[in-house]
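Asker: Structure incoming, see below.
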Amino acid sequence: MASHRRTLAAAVATILASVSLYPIFFGWIWFWSGVAAVCTVAVAGTLTRLRRLPVVVCAAGGLAALMLDLNIGFESNRSLYRVLPTPTSLRALWGLAGQGFDEAARYAPPVPELNGMLLLAAAGIGIAALLTDLIAVRLESAALAGLPLLLLFTEPFTLSLSRNGVGTTIAFCLGIAGYLALLSSEGRDRIREWEQPSPRPQDIPDTRALTAAGRRVGIASVALALAVPLFVPGLHATRLFGGQPGIGGNAGGGAGGVGFPDPNTQLSKELHASAAAPVLVYKSSDSTPQYLQIYVLDNLTGSGWQMFSQPESLVPAGQRLPAPPGLESTAAPWASRVTTTITIGKAVGQDALLALPVPYPATAVSAPGTLRADKNSLMLFDNDVRLADLSYQVTSLDESPPAQAVDGAGPPPADIAGHYLAVPSSYDQLRTIAESVVKAARAKTAFQDAIALQDWLSSGTFKYTLNAPTVTDASGLATFLTSTKKGYCQQFSFAMAVLARLLGIPSRVAYGFTAGSSAYGGKWLVTTHDAHAWPELYFQGFGWLRFEPTPQGLTGQGTATTPSYTLQPENGFSPTTGQTSPGTTPTSSASSRNGAAAQLGKQLGLLPPGIGGGLPGPAPPAQVNPWAVFGLCVLGLLLVLSALPACARVVVRRRRWHRGGRGGDAALAHAAWQELRDDLVDYGAGYRPSESPRALAARAAASLGLAGPAAAALRRIAMAEERARYAARPDSGTGLRQDSATVRRAIAAVVPRGTRWRARLMPASVLAPSLAGISQATDVFGRLNPDWFGRTRLSGRRSGAPVNREPAADGSADGHAEEAVPAGGARRG
């Protein structure tokens with residue numbers, strides 16, 4: 001019965017400690033997966049303890065039960081009768097765990113609830129539950145069971161993430177309550193075993209060793225929890241060791257480390273980040289959601305694209321926004337109405353302009369705060385709100401007009417042409433490039449010109465790479481188009497928008513995020529690696545339409561997608577060949593959103609290989625294997641640790657002789673004697689503290705078979721020590737250091753080879769004091785006990801201070817029995 005109570009207490013303690021992992025994930029599915037694993041381990045532990053089985057068998061049974069739980073939870077469709085593991089399900093489970101490790105390296109907390117991450121969370125909580133149950137119940141050591149609980153509890157502190165103060169306090173109280181309940185369950189069992197209903201104070205067993213062990217466990221747990229993230233792949237360095245909170249970020253006053261991309265600089269920073277930090281999660285009524293626009297750069301200058309050329313266009317906005325410029329009807333059959341609910345991540349810092357990401361064109365927004373909108377670009381700004389954890393709903397239009405209809409679009413109005421066709425003279429050198437592209441594609445209309453530019457830039461002639469300089473002027477753009485032909489979305493969007501203006505097509509550049517990647521529960525996840533820039537071109541009657549010149553897929557911008565209206569050959573025009581193919585539909589569109597969504601669906605919500613927004617899809621051989629790094633770190637640590645004892649022995653010897661040389665003949669004799677005793681300990685001969693120098697020298701010479709110069713040197717060291725101890729004047733210390741070296745070499749020559757190398761690499765004279773010192777260092781608070789205060793009172797009595805005496809129950813003056821108590825022990829009734 002006691003075992004069952006302690007099993008339940010161990011399970012509850014693990015579940016409560018796992019609550020502290022809440023800042024690592026979005027949502028709570030991971031928690032319930034962990035609860036299922038804990039319950040499975042508890043049931044397995046109870047069954048294995050129905051008979052007195054070895055500890056190894058109990059541990060194996062718990063692992064098997066945990067594996068069964070994970071198999072049912074994540075790969076039941078590949079299992080026998082959807083329960084029993086099969087080779088196929090185990091291989092799939094192993095592959096899913098590998099994907100989880102890859103995602104752990106890709107994302108900064110809080111991470112999405114992708115299946116691989118959920119598997120790692122459930123497995124980690126289950127292993128902690130198994131260790132806690134095994135130690136607390138099977139090994140009957142509830143105090144030591146705090147080690148796996150503490151590792152589980154302190155895991156969020158080892159990661160670079162922000163924690164809410166209230167949440168941290170609640171998680172701490174829950175974890176402590178669970179651990180105390182576990183200790184209490186064991187304490188009640190032990191008290192019943194003592195069968196002492198009302199013990200007297202002197203009959204209480206000595207618990208100093210137990211409390212010292214508890215302190216050591218606590219200190220070891222904290223040290224281990226701080227050190228583990230330095231070596232385990234996928235974990236981030238703690239703030240204590242200089243970790244940085246999050247990825248990217250804005251200096252706009254937010255505390256978070258993640259932010260919306262500022263034009264050019266912030267975009268490059270977020271795309272270059274090694275791990276993708278979640279920015280927002282949204283749910284859309286559109287199965288193929290649109291990009292999320294934040295900024296629009298509409299003024300082309302000699303130093304690049306600039307924002308807010310018309311700041312007077314900002315107007316107050318209620319739930320309904322200004323009409324989309326140039327769109328004749330929002331009720332067109334090719335413009336479907338979409339509702340999107342967006343939740344910005346808790347770690348997102350405050351944007352400098354308080355801009356909100358919304359699909360374009362947005363028609364209505366429901367959000368707290370004071371909304372303002374730019375009537376020309378429909379950029380949305382929200383004052384008096386904190387972006388982190390902000391939720392709002394957007395109604396927008398998903399435009400997919402027929403290509404034949406856009407082909408017939410009329411010329412832009414004067415206000416559009418006057419502003420969005422302005423090109424500084426420095427860009428005139430690129431006009432021949434634009435004209436040659438559309439001529440080669442046999443384009444006949446403005447829309448065909450736009451498709452020709454898009455396909456030319458996204459073709460194999462240009463390569464996607466993040467290792468490219470930002471284009472800010474005509475010279476840099478010319479170098480990109482004619483020489484390097486390498487870049488990322490900033491260069492491609494800059495180029496197409498400029499070339500479009502040179503061809504008489506109004507254009508601008510938008511900054512924001514792609515649609516992101518499909519996540520759990522029909523939601524979409526947007527990360528810093530989905531930061532993107534794209535051109536928007538104006539066509540009368542259809543407004544601003546998005547184009548995608550940036551290469552996509554595994555070798556390009558992973559979550560970028562080509563608009564469907566640029567892939568429809570209904571007008572009979574093929575931009576790549578200039579030929580007609582009426583009635584056909586493009587079948588190979590790996591970069592289309594439908595293809596990406598289908599691929600994501602097959603992956604059960606996991607990001608497919610290469611999908612990471614701005615990350616270029618590196619070949620597998622070029623990826624860094626985290627386990628190889630882990631192995632190298634462990635190997636380096638082992639090499640350093642193995643060399644430490646030998647180096648410490650050399651340092652101790654040199655310091656000892658240096659101090660002896662400064663202290664005179666007596667100090668040299670003591671140094672030689674200490675070196676002799678340490679050498680005997682290192683080489684396994686040992687010594688007894690009660691032996692006199694002469695007796696020790698005689699015994700060592702006889703047992704080790706030392707003769708000749710070594711025996712003479714040994715006698716000189718012993719006589720020098722005796723003279724330094726007892727004589728009025730010590731012998732000369734000259735030559736004692738040479739005698740010590742002679743004796744050490746002679747001892748090394750007569751002992752076995754294994755003993756000799758152990759003395760050199762792992763000298764016991766260094767290891768034993770070090771281990772004892774570490775053990776004693778953890779007991780610093782053990783001095784604050786009644787015995788320590790008793791000694792303080794005794795010293796006060798000796799100094800003449802009055803001492804209060806109260807008669808004890810047995811008649812003694814100070815309440816203590818008069819018979820002697822053995823040292824280090826306690827008297828029991």
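Asker: Count, please, the residues in segment 698-742 that happen to be hydrophobic (A, V, I, L, M, F, W, C) and closer than 23 Å to G663 by Cα. Talk me through it step by step, then tell me what you get.
Answerer: Residues of segment 698-742 hydrophobic (A, V, I, L, M, F, W, C): 698, 700-702, 704, 706-707, 710-714, 717-720, 724, 727-728, 736, 741.
Then keep just the ones that are closer than 23 Å to G663 by Cα; that gives 713-714, 717-720, 724, 727-728, 736, 741.
So the answer is 11.
Asker: Restricting the search to segment 723-756, which residues are under 17 Å from A701 (Cα atoms), of a type in the set (V, I, T) and open to solvent by less than 50 Å² (accessible area, probe 1.4 Å)?
Answerer: Hits for segment 723-756 are T742, V743, I747, V751.
Asker: Residues to consider are S313, S285, S274; find the one that is of a type in the set (G, A, S), modelled with pLDDT of 80 or more, out of contact with any Cys (no Cβ under 6 Å at 6 or more places or on another chain) and surrounded by fewer than 17 Cβ atoms within 10 Å (Cβ to Cβ).
Answerer: Working: S313 fails: modelled with pLDDT of 80 or more; S274 fails: modelled with pLDDT of 80 or more.
So the residue among S313, S285, S274 that is of a type in the set (G, A, S), modelled with pLDDT of 80 or more, out of contact with any Cys (no Cβ under 6 Å at 6 or more places or on another chain) and surrounded by fewer than 17 Cβ atoms within 10 Å (Cβ to Cβ) is S285.
Asker: Working only within segment 705-754, note down all residues that are over 55 Å from the mean Cα position of the chain (by Cα) and among the basic types (K, R).
Answerer: Those that are over 55 Å from the mean Cα position of the chain (by Cα) and among the basic types (K, R): R715, R716, R723, R725, R729.
Conditions (1) in a helix (DSSP H, G or I); (2) of a type in the set (A, V, I, L, M); (3) within 20 Å of R546 (Cα to Cα), marked per residue:
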site	(1), (2), (3)
D428	yes, no, no
S436	yes, no, no
A443	no, yes, yes
F447	yes, no, yes
V471	no, yes, no
S475	yes, no, no
T479	yes, no, no
Q490	yes, no, yes
F494	yes, no, yes
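Asker: While we're here: When you scan segment 678-703, how many residues do you find that are in contact with a Phe, Trp or Tyr (Cβ under 9 Å, 6 or more places away or on another chain) and either not in a helix (DSSP H, G or I) or not aliphatic (A, V, I, L, M) (or both)? Can you show your working first?
Answerer: Step one: list which residues in segment 678-703 are in contact with a Phe, Trp or Tyr (Cβ under 9 Å, 6 or more places away or on another chain), which gives 680-681, 693, 696, 699-700.
Right, trim to either not in a helix (DSSP H, G or I) or not aliphatic (A, V, I, L, M) (or both) and you get 693, 699.
Count: 2.
Asker: If you scan segment 625-642, which residues turn out to be open to solvent by 40 Å² or more (accessible area, probe 1.4 Å), assigned to a helix (DSSP H, G or I) and without any contact (Cβ under 8 Å) to a residue 24 or more places away in the chain? Before the answer, list the steps.
Answerer: Our first condition is that a residue be open to solvent by 40 Å² or more (accessible area, probe 1.4 Å); within segment 625-642, this holds for 625-630, 632-635, 637-642.
From the residues that got through so far, the ones that are assigned to a helix (DSSP H, G or I) too are 626-630, 632-635, 637-642.
Within segment 625-642, A628, L632, L635, L638, L639, V640, L641 qualify.
Asker: A further question follows. Restricting attention to segment 26-41, report how many residues are open to solvent by 20 Å² or more (accessible area, probe 1.4 Å) and either touching a Gly at 6+ places or on another chain (Cβ under 9 Å) or not β-branched (V, I, T) (or both). Give the derivation first.
Answerer: Taking segment 26-41 first, the residues open to solvent by 20 Å² or more (accessible area, probe 1.4 Å) are 26-29, 31-33, 35-36, 39-40.
Subsequent filtering for residues that are either touching a Gly at 6+ places or on another chain (Cβ under 9 Å) or not β-branched (V, I, T) (or both) retains 26-29, 31-33, 36, 39-40.
Here the count works out to 10.
Asker: Do we have any residue at all in segment 521-528 that's in a helix (DSSP H, G or I) and surrounded by fewer than 24 Cβ atoms within 10 Å (Cβ to Cβ)?
Answerer: Step one: filter segment 521-528 for residues in a helix (DSSP H, G or I), giving 521-522, 528.
After this cut, where a residue has to be surrounded by fewer than 24 Cβ atoms within 10 Å (Cβ to Cβ) as well, the list is 521-522.
Yes, some residue in segment 521-528 is in a helix (DSSP H, G or I) and surrounded by fewer than 24 Cβ atoms within 10 Å (Cβ to Cβ).
Asker: Pick out the one residue from Y488, Y511 that is at pLDDT below 95 and closer than 25 Å to P401 by Cβ.
Answerer: Working: Y488 fails: closer than 25 Å to P401 by Cβ.
Result: Y511 is the single residue among Y488, Y511 that is at pLDDT below 95 and closer than 25 Å to P401 by Cβ.
Asker: Which one of the conditions (1) buried (at least 20 other Cβ atoms within 10 Å of the Cβ); (2) at pLDDT 85 or above does W334 fail to meet, given that it meets all the rest?
Answerer: Unmet for W334, out of (1) buried (at least 20 other Cβ atoms within 10 Å of the Cβ); (2) at pLDDT 85 or above: (1).
Asker: While we're looking at this one, here's another question. Go through segment 719-733 and report how many residues are touching a residue at least 40 places away in the same chain (Cβ under 8 Å) and either out of contact with any helix residue (DSSP H, G or I) (no Cβ under 6 Å at 6 or more places or on another chain) or small (G, A, S) (or both). Let's see the steps before the verdict.
Answerer: So the first thing to find is which residues in segment 719-733 are touching a residue at least 40 places away in the same chain (Cβ under 8 Å), and the list is 720-721, 723-724, 730-733.
Remaining after also requiring either out of contact with any helix residue (DSSP H, G or I) (no Cβ under 6 Å at 6 or more places or on another chain) or small (G, A, S) (or both): 720, 723-724, 732-733.
Residues flagged as touching a residue at least 40 places away in the same chain (Cβ under 8 Å) and either out of contact with any helix residue (DSSP H, G or I) (no Cβ under 6 Å at 6 or more places or on another chain) or small (G, A, S) (or both) within segment 719-733 amount to 5.
Asker: Just the residues that are within 14 Å of S740 (Cα to Cα) and buried (at least 18 other Cβ atoms within 10 Å of the Cβ), please, taken from segment 702-711.
Answerer: Filtering segment 702-711 down to residues within 14 Å of S740 (Cα to Cα) leaves 706, 709-711.
Passing the criteria: L706, A710, A711.
Asker: If the requirement is being touching a Ser or Thr at 6+ places or on another chain (Cβ under 8 Å) and crowded, with 19+ Cβ neighbours inside 10 Å, which of these qualifies: P357, P324?
Answerer: On the way: P357 fails: touching a Ser or Thr at 6+ places or on another chain (Cβ under 8 Å).
Just one listed residue meets the conditions, P324.
Asker: Then there's this: With (1) among the β-branched types (V, I, T); (2) part of a helix (DSSP H, G or I); (3) open to solvent by 40 Å² or more (accessible area, probe 1.4 Å) as the list, and V498 as the residue in question, which single condition is left unmet?
Answerer: (3)
The values are calculated or read from the model by the stated rules, or taken from the named source; none is laboratory data. Bear in mind that the values here come from a model prediction, so they are computed numbers and not experimental data. Because the Cβ atoms are built from the backbone with ideal geometry, glycine has one as well, and the counts that use them run over all protein chains shown. Just the protein is used for accessible areas: all its heavy atoms, side chains included, with ligands, DNA and RNA removed. Shrake-Rupley method; radii C 1.70, N 1.55, O 1.52, S 1.80 Å.
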